[in-house]
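The structure appears right after this line, and notes come after that.
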C-alpha cells in the first residue's frame, strides 16, 4: 500500500511540474506576441474587452485591412455607435457587425461566416493579449487552412507583466491557460468536421 501511495505521489509531482512548465510557456508566448505591420484582407475584432474595437477601427482607418468585422457585438449596439465615416471617408460600407456570438467559440463560428462570405485570405485578429492564444487556436481550427491569421494583441489594465506577483493577473492567465488546454485536448479528437462545416458561399 505504501508503495502504491508513493507511486501516486510521484505521478502527481510529475504532472504538476509538467503543468507548471506548460503554463509558464503559455504566459511567455502570450507576452511575446507583437502586432505585425502589414496589410491584410480584413481586420477582425472580438468585441468583448476594453480597447479592442478602438484598436480595430484605428487599424482599419490606417488601411491595414479592406474590411472591418466586429464580432460579438451587443445586439443593442448599432454600427453608428462604433464607426462613422469622417469627412471625405467612404469606409462604413465595409464595416460589418456580428451580434449573435456570446463566447470565443461562437465568435469563431459566426465570424467564420463573414470571413468566408467575403473570400478573405488574410486577417488581423484583434483581442486582449491574455485571450489571444485561445482565440487564435479556435480561428485557426475553424477557418479554412489557407487563410493567414495575424494575431494583434491589445494590452489591458487587468494584466500586468509582473503576473507572478499580481493575483488578478495570475488568475486571469491561469483561467485562459485552462480553457486553452481544454480546446487543445478537444481538437485532438476532432475529425475536422467543424472546419468542414464552414459555409461555401
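A short reminder: the numbers here are calculations on the coordinates, not readings from a lab. Everything quoted here is computed from the prediction, not taken from an experiment. Glycine gets a Cβ as well: all are built from the backbone with ideal geometry, and neighbour counts include every protein chain shown.
Table for the structure above
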quantity: Helix 104-117 vs. the chain, principal-axis angle (Cα, 0 to 90°, nearest 10); calculated: 40
quantity: Cα centroid separation, region 152-192 to region 35-75 (Å); calculated: 21
quantity: Proxy reagent accessibility, fewest Cβ within 10 Å first, across 87, 113, 161; calculated: 87, 161, 113
quantity: Whole-number D in µm² s⁻¹ for region 111-191, Kirkwood Cα-pair radius fed into Stokes-Einstein, 25 °C, 0.890 mPa s; calculated: 174
quantity: For the chain, the spread of Cα positions along each principal axis, largest first, Å; calculated: 77, 40, 33
quantity: Spin-label zone in region 7-32 - amide nitrogen under 17 Å from a point set 7 Å from the Cα of residue 156 along the C-beta vector; calculated: 27, 30-32
quantity: Within the chain, helix-based [θ] at 222 nm, where runs of 4 or more DSSP H residues each add -39,500 (n - 2.57), nearest 500; calculated: -15500 deg cm²/dmol
quantity: Degrees between helix 52-61 axis and first principal axis of the chain (Cα, 0 to 90, nearest 10); calculated: 40
